[in-house]
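Structure, as structure tokens:
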Amino acid sequence: MAEELSREELKEKVVEYLKTVDKAKNKDIATKLGVKKREVDKAVNELAKEDIVEFLYIGTSYVKLKDK
Amino acid sequence: MTNVAKTDIGPPLYKDQLPEIIKNNYGQWKYHEHVKPGVLKHVAENGDELYTVRVGSPRLLSVETLRWFADLADKYCDGHLRFTSRHNVEFLLTDASKIDALIEEVEAEGWPVGGTGNSLKNLIHTQGWIHCHSAAIDASGIVKSVMDDLYDYFKKDDLPAKLKISLACCLNMCGAVHCSDIAILGIHRTVPKINDEEVSKACEIPNVVASCPTGAIRPNPKKKSVTINEEKCMYCGNCFTVCPGLKIMDPDNDGVAIFVGGKTSNARSGPRFSRLAIPFIPNEPPRWDSTVKAIRNLVELWVENARPGERYGEWIERIGWEKFFDMAGLPFTDKHIDDFIFSVPTFRSTTQFKY
Amino acid sequence: MAKKKRPLLDQLKEGKYPSFVKEMEKMAEKKPAVEDHLNLLERSYEDKTVHWKHGGIVGVRGYGGGVIGRYSDLGDEFPNVKEFHTMRVNQPSGWFYSTETLRKLCDIWEKHGSGITNMHGATGDAILLGTTTEHLQPCFDDLSANGFDLGGSGSDLRTPSACVGPARCEHACFDSLDLCNHLTQEYQDELHRPMWPYKFKIKISACPNDCVSSIARADMSIIGTWRDEIRVDQDMVKEYANNGKDIEGILASCPTDCISYDTEKKEINIDNENCVRCMHCINKLPKALRVGKEKGATILLGGKAPIVQSAFLSWVIVPFMKLESPYDELKDLLERIWDWWDEHAKVRERVGELIYRKGMRVFLKEVGLEPDARMVKYPRANPYIFWWPEEVQQND
């Protein structure tokens, strides 16, 4: 993906992606969306603070949509 | 939403938790002395004196006891106290005349003062059966039993050097015991039992396969589960950590292994790992008599034979491991020879040894 | 209901050392969950095994760490510990508490949980042991309102911890408490929201005695040291000598034989160029000998417990770094290391294991550190020397 996404656009894309899966690792989200993991980390942090996603720990970290 | 909790505020600021004498002499301490076992005296550049009374604790504390500690700190220490990385409670006094009254009050309730200088330090340990899902042994019960037995060594400070004993209830080692003078470690000895249904429901197969350090786990696509090559399994339990369907606990075979000779300080010799002395002692609740006895023997052997100032591992290095096994009356077995990935540098490639 | 008898645990109320069973019984009178906890533990003592299961998703709003989900596998029989989660509360640097702060913590925990704690866990947090899912958020709300926050868990930055440092120790080579607090505050996101391949621990000791065992228990071990000369107070040497201290005996253990005692003059002489700053002489003669004045820390990386590829002790990556607030050089290095590790590590691969897999050569180049002979015990013995492409002549 060549164009620069704003943080809000990226957050939307992360949420859209999470709707299609049970749970995902940030690294995989970054690969799927073609952006840097660091950017996904920041977006997921904000989504967590907004209570939209939650973390899941099964040996390593996953994120999932809250109440999904 | 009303009243939403603030996040990311971090811990209470340490500066607000310090007693006046420390605020006044922060970074200005000149030297310290050992007044008597369990009591330290720190002297500042300006001559201020701070006395520390160290009290051993089982780590697991009720809020009732914590409040009693707070009462004591109000009475004797102007309302401040601290804990140490080995679960001791430290009362910080400015008035030397109050030390004995504090010690008397603390010990009257059964809390020991000690653990400073060349003493047995308070045991550090993990959760064990109190609150862990992967424990091979209990933690608190063994620690209690060992400390009851070695109590006098905590109260006195005339050992050859300091003695740090630590316990971790499985080899995840939340307690990082691997550099202790004596380490008590919970081990499993049998292959995890595969619950195919639970594996298929609760576990990510690629993660489970990747979790195995010896490559013993393979996918079993038919059952959406895994298989384990029993010959390769070394019972580390890493797969169980990532997958609850691979239960590794085995009451008949889990137990204690004892390692000796580690240290982390740089004094004289550098930090080093503890090494295997006793590969297995069965779980013996509630008092773990064989483990307690084995540790007493190891401690006494060192007390009788080490030179002043020698930590456990420094003493063994001087006399040699073959001598240590002889003197301890411990059999040296195939279990003692490393066969994991960094083994070769531990083999002896010299003709220098003792009989 | 009549109270269950616990003949096995009762035996752990005997003996001189404080009994954790008595501690639990203090709360069991008020808290049915602790009564069940004791009964469950008695069962473990009968069965010689654990009765706890893996955690599920539990936590507080906005965080991914700080709460450890715990469920009993005998929840029907012991319903009050069916859910019995742990909350990790970030400790103040150096584990200092005013009694006011400590009492607040006690009151919150008695209101929302079992009233059983661990002071403290191996990582450094105050551990609040046992509450139900529904109490987690209210407990956190009260903690937060009273100035507390949660520590780390899972694949995140674990709660940093530090030795007592300049608060009560003459050996401190930098302000371990301030650094610990600074890093904890600076990296709240990394602490509370697990984004990494695995955990990352930081432990801080202000001198080479390493009282928090950082070298064995942390991915990044920050250990105080100095570069100039040990300070000697010859008057105090004489005082020790006059009091019968075995100065020669103590100095005989110097690992580099760089220190000597003049029995006639009652003076200590040090060949500082050959001193390795082990602390032995300073520890034994603290009135006479002190660490130097040019102080800082050695930064070591890679320490961990055995899972998976054996236990490692951290190794030197920066022999000497000045550490003064705001610690920009250290934070810059830390962030470069995290980025490199996060990009290259496999799931559950600690930074030390990644360096082992990739090689120090690659690590040093990619995080921008210069090789230094102080990083190794020995240079390479094998001939398998790797070269960067620009270091050899390229033949087409």
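Annotations
- Charge dipole (debye, nearest 20) of the protein assembly as shown; +1 at Cβ of Lys and Arg, -1 at Cβ of Asp and Glu: 1460 debye
- Counting only Cα atoms, the size of chain C along its three principal axes is 78, 77, 42 Å, in decreasing order.
- Surface/4 estimate of mean projected area, convex hull on alpha-carbon atoms of the stretch B:193-247, nm²: 3.1 nm²
- Shown here for the stretch C:204-306: trypsin sites (Lys or Arg not before Pro) in loop regions (DSSP other than H, G, I, E, B) with at most 16 other Cβ atoms within 10 Å, namely C:227, C:245, C:265, C:266, C:293.
- Solvent-free Debye calculation, one equal scatterer per alpha-carbon of the stretch C:202-325: log10 I(q)/I(0) at 0.09, 0.12, 0.23 Å⁻¹ equals -0.31, -0.52, -1.23.
- Reference-scaled alpha-carbon Rg (2.2 N^0.38 Å with N residues) for chain B: 1.16
- Among the listed pairs A:37/C:82; A:32/C:331; B:247/C:82; B:232/C:358, those beyond 27 Å (Cα-Cα): A:37/C:82; A:32/C:331
- If you take the Cα centroid of the stretch B:1-33 and the Cα centroid of the stretch C:130-177, the two points sit 11 Å apart.
- Averaging 1/r over each pair of different alpha-carbon atoms in the stretch B:14-173 and inverting the result gives 16.8 Å, the Kirkwood hydrodynamic radius.
- B:97, C:19, ranked by accessible area, largest first (probe 1.4 Å): B:97, C:19
- Cα-based convex hull, the stretch A:7-65, per residue volume (Å³, whole number): 69 Å³
- Scattering profile of the stretch B:229-355 at q = 0.14, 0.16, 0.19 Å⁻¹ [log10 I(q)/I(0), Debye over alpha-carbon scatterers]: -0.81, -1.01, -1.27
- Rounded Å value of the spacing that divides the Cα centres of the stretch B:151-213 and the stretch C:74-107: 23 Å
- Rg and Dmax of the stretch B:170-274, Cα atoms only, in Å: 16.7, 58
- Here chain C is assigned +1 on the Cβ of each Lys and Arg and -1 on the Cβ of each Asp and Glu. Its dipole about the Cα centre then comes out at about 1160 debye.
- Ratio of the Cα radius of gyration of the protein assembly as shown to 2.2 N^0.38 Å, where N counts its residues: 0.94
- For the stretch B:14-114: accessible area per residue (Å², 1.4 Å): 35 Å²
- Heavy-atom accessible surface of the protein assembly as shown: percent carbon and sulfur, 1.4 Å: 48 percent
- A cut-off of 5 Å between modelled amide H atoms, ignoring neighbours fewer than 5 places along the same chain, links residue B:226 with B:220.
- 21 Å tail of the calculated P(r), the stretch C:159-244, as % of Cα pairs: 45 percent
- Beta bridges by DSSP in chain C, antiparallel share as percent, to the nearest 5: 80 percent
- The protein assembly as shown: antiparallel DSSP beta bridges as a percent of all, rounded to 5: 85 percent
- Structure-based [θ]222 nm, the protein assembly as shown - -39500 (n - 2.57) summed over DSSP H runs of at least 4, per residue, nearest 500: -9000 deg cm²/dmol
- Based on Cα atoms of the stretch C:55-198, Rg over Rh with Rh as the Kirkwood radius reads 1.00.
- Take residue C:254: with every protein chain present and a 1.4 Å probe, its accessible area is about 30 Å².
- Here the stretch B:278-352 and the stretch C:381-395 have alpha carbon centers that stand 44 Å from each other.
- Between the Cα long axis of helix B:63-76 and the first principal axis of chain B there is an angle of about 30°, rounded to the nearest 10.
- nm² value of the averaged projected area, convex hull over the Cα atoms of the stretch C:99-138: 3.0 nm²
- Cα convex hull, the stretch B:1-51: 114 Å³ per residue, rounded to a whole number.
- For chain B, B:77, B:132, B:169, B:170, B:174, B:179, B:212, B:233, B:236, B:239 have no disulfide-compatible partner, since no other Cys C-beta lies under 4.7 Å from theirs.
- Counting DSSP beta bridges with both ends in chain B, the antiparallel % (nearest 5): 85 percent
- All lysines inside 17 Å of residue B:75 as judged from Cα atoms, apart from same-chain residues fewer than 8 positions distant: B:98
- Taking one quarter of the surface of the C-alpha convex hull of the stretch B:62-144 gives a mean projected area of 6.7 nm².
- Chains B and C together bury roughly 10100 Å² of accessible area, counting both sides, with a 1.4 Å probe on protein heavy atoms only.
- Whole-Hz ³J(HN,Hα) from phi, Karplus 6.51 cos²θ - 1.76 cosθ + 1.60, for the stretch B:190-204, glycine and proline x: 10, 5, x, 8, 8, 9, 4, 5, 5, 4, 5, 7, 9, 10, 8
- Rounded to the nearest 20 debye, the dipole magnitude of chain B is 1100 debye, with +1 charges on Lys and Arg beta carbons, -1 on Asp and Glu beta carbons, and the Cα centre as origin.
- Residue with peak Gaussian network fluctuation, chain B [Cα springs, cutoff 10 Å], from B:145, B:225, B:119: B:225
- In order along the stretch A:11-27, the phi-based Karplus estimate (6.51 cos²θ - 1.76 cosθ + 1.60, θ = phi - 60°) of 3J(HN,Hα) comes to 4, 4, 5, 4, 4, 4, 5, 5, 5, 8, 10, 5, 7, 8, 8, 3, 4 Hz; Gly and Pro are listed as x.
- Under 17 Å of direct C-alpha separation, and excluding same-chain neighbours fewer than eight residues apart, residue C:30 reaches these lysines: C:3, C:4, C:22, C:111.
- The H on the amide N of residue B:116, modeled in the peptide plane, is under 5 Å from the matching H of B:38, each at least 5 residues off or on a different chain.
- Total accessible area lost when C and A pair, probe 1.4 Å, Å² to nearest 100: 1600 Å²
- Computed over chain B: relative contact order in percent, which uses C-alpha pairs under 8 Å that are six or more apart: 12 percent
- Taking 16 Å as the straight-line reach from the Cα of residue B:162, the lysines in range (excluding those fewer than 8 positions away in the same chain) are B:36, B:121, B:263, C:284.
- Legend: residues in the stretch C:53-71 shielded by at least 50 square angstrom of accessible surface upon adding the remaining protein chains to the isolated chain (1.4 Å probe, heavy atoms) are C:54, C:57, C:61, C:70.
- Accessible surface for residue C:134 stands near 140 Å², nearest 10, in the context of the full protein assembly shown (1.4 Å probe).
- Computed from backbone phi, the HN-Hα couplings of the stretch B:294-303 come to 4, 6, 4, 4, 5, 5, 5, 4, 5, 4 Hz, rounded to whole numbers (Karplus: 6.51 cos²θ - 1.76 cosθ + 1.60, θ = phi - 60°; Gly and Pro given as x).
The values are calculated or read from the model by the stated rules, or taken from the named source; none is laboratory data. In this text, all values refer to a predicted model and were calculated from it rather than measured experimentally. Quick reminder, even Gly has a Cβ in these numbers, built from the backbone with ideal geometry, and neighbours come from all protein chains shown. Side chains are part of the model used for accessible areas, which takes the heavy atoms of the whole protein and leaves out ligands, DNA and RNA. Shrake-Rupley method; radii C 1.70, N 1.55, O 1.52, S 1.80 Å.
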